[in-house]
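In what follows, a single structure is set out as structure tokens and then discussed.
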Amino acid sequence: MFTKTQDIERAFRHIRLFSFAVIICCSLVSAVSVYLSFDSAERSTQKVYILASGKVLEAYASERRENIAVEARDHVKTFHRLFFTLSPDDKVITANLSRALYLADASAKKQYEDLRESGFYAGVISGNISQEIRIDSVKVDASAQPYAFECRAIQRIIRPTSIVSRSLVTAGYLRPVERSDNNPHGFLIERWVSLENKDIQIQTR
């Protein structure tokens, strides 16, 4: 009788230990499952799907501070391409400059108005002149706001009788602003000045 009681108690202890082990294992599995679910959900929010030419492309979102220098350089390049690319067509000039002026403050608008009042754009149209720009380098100091930048480029002024190459160096500051359709990078160029704009080569056509 005593032996049977001991066997029952031993069996009960084994069952209790086994139950505790099962409960602990289930708790660990549940905790790991919850963690992995949250991690998967977090990673899925970092993905962006883009539809291009009928194909779904996957992109990854990132913190803006990781890409400030890249976006700032592209903002500066975009502004300069729009501001300095000219054709002997009033509509093209107006369209490019309208887009460019969304990317900068009154310092750029003043330069535009000075050129317009001096008859520069009228001369481009009447003289059948085209102007192109090649951006050589853009340096941005992203250590503090507003971000200082310097842009070096080569302008090509194509006239019916000649092609003039000019060295262009500009500088200014970039202030972060809200993104919009007209300003997708979310920067505004401030205190924009031309440091150099001189002829370096003239070719006869």
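For Glu132, the accessible area of its heavy atoms, probed at 1.4 Å with every protein chain present, is near 80 square angstrom. Solvent exposure of Asp199, expressed as accessible area, is near 80 Å², computed with a probe of 1.4 Å over the protein chains only. Computed on the stretch 116-205, with alpha-carbon pairs under 8 angstrom and 6+ residues apart, the relative contact order is 24 percent. In terms of overall dimensions, the stretch 81-120 has a Cα radius of gyration and Dmax of 9.6, 26 angstrom. Quote the Stokes-Einstein diffusion coefficient, in whole µm² s⁻¹, for the stretch 62-141, based on the Kirkwood radius over alpha carbon pairs, a temperature of 10 °C and a viscosity of 1.306 mPa s. The calculation lands on 115 µm²/s.
Considering only the Cα atoms of the stretch 90-205, their convex hull presents on average a projected area of 7.8 nm².
The values are calculated or read from the model by the stated rules, or taken from the named source; none is laboratory data. These figures come from a predicted structure and were not determined experimentally. The area values use the complete protein model at the heavy-atom level, side chains included, leaving out ligands, DNA and RNA. Shrake-Rupley method; radii C 1.70, N 1.55, O 1.52, S 1.80 Å.
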